[in-house]
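Notes follow the structure.
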Amino acid sequence: MGNKMIVVLMMVFTMYNGFSQNFQGKATYESKTQVNMDFGNRQIPEDRKKEIMERMKKANEKTYELVFNAKESLYEEEEKLEQPGGNSGRGMRFRAMGSAGGDLYKNIEEGRYLIKNELFGKIFLIEDNLEKLDWKLESDTKQIGKYTAYKAVAIKTVKRPNMQALFRGRNSDDRNADKKEGQDTKEKKEEEFIEKEVEIVAWYTPEIPVNQGPSEYWGLPGLILAVSDDVTTIVCSKITLNPKEKIEIKAPKKGKKVTQTEYDEISREKMKEMRENFRGGRGGGGRGGRF
């Protein structure tokens, strides 16, 4: 470990001891996710393609608020007013498939998280253990707002909906393949989701010595101010430390309790249903279906 990082860690230790157990904070984050859509041989009018891409783009530009202390945090999306003539919940629910798309509570001390997420009109409460990434601390720095941020990187396995498979048209080869007996179940699952390893780049500040961060990220010697993977970038735009009004961090309680694995399986089944609807020419999942 370089001398610079030793100094940083010593600074964190000193500042952490100086913070009271009642220390609280509130941070605003802007999140943007790139959308790369391949409609394949699906016969969709150009104006409809443009509409779908625009809706997906808006659905993937969000503002979140993180309230935190040394032990807990709650990451919530800021509500936006429905635009006149908007979708009003009909059609595809692009947010529904995100593992951390809803209210996310992290308890660092207990090593667990809770997510309240909506999937086609049904509320789920996902509870599981926090994933601890193997962060590599680097000496690179940059200024984010008034804070000096240090770089850290980690490798993370992610699983995302396969939107290309959703829109891909159904041809004779597809139908013949489905008729084959003994088709591998794992291959079917992989068609709904894509799993791969990606590099996570985070920027944290020892000036706010808590192990918290936006979305599912945590575990660095300072608040994470910015983090990105291969498609999503999250950047802090505002921080308030020790606000006059005490913050009460409440873990979500409503919803059907499931583990992350159980929720992923439910999401996979809904993706499969949506794909069949598109292939059958019935549109984009206008009905929620049964759970």
Exercise. What are the residues in the range 112-140 that are surrounded by 14 or more Cβ atoms within 10 Å (Cβ to Cβ) and hydroxyl-bearing (S, T, Y), if any?
Worked result: Y113
Problem set entry | Checklist (1) open to solvent by 30 Å² or more (accessible area, probe 1.4 Å); (2) assigned to a loop (DSSP other than H, G, I, E, B) applied to I155, failing item | (2)
For this session: Report yes if some residue within the range 60-67 is open to solvent by 50 Å² or more (accessible area, probe 1.4 Å) and at pLDDT below 90; otherwise report no.
Result: yes
For this session: Would you kindly identify the strands (runs of 3 or more DSSP E) lying entirely within the range 188-272 that contain at least 3 residues that are closer than 27 Å to D140 by Cα?
Result: 193-205, 223-228, 232-241
Problem set entry | Of the criteria (1) open to solvent by 30 Å² or more (accessible area, probe 1.4 Å); (2) within 20 Å of the chain's Cα centre (by Cα); (3) at pLDDT 95 or above; (4) within 24 Å of E61 (Cβ to Cβ), which one G219 fails | (4)
For this session: Can you give me the number of residues within the range 227-276 that are among the polar types (S, T, N, Q) and under 21 Å from I108 (Cβ atoms)?
Result: 4
Seminar exercise, completed: Note on N87: of the conditions (1) part of a loop (DSSP other than H, G, I, E, B); (2) modelled with pLDDT of 95 or more, unmet is (2)
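The values are calculated or read from the model by the stated rules, or taken from the named source; none is laboratory data. These numbers were taken from a predicted model, which means no experiment stands behind them. Counting neighbours? That spans all protein chains shown, and the Cβs are built from the backbone with ideal geometry, glycine included. All accessible areas refer to the heavy atoms of the entire protein, side chains included, with ligands and DNA or RNA removed. Shrake-Rupley method; radii C 1.70, N 1.55, O 1.52, S 1.80 Å.
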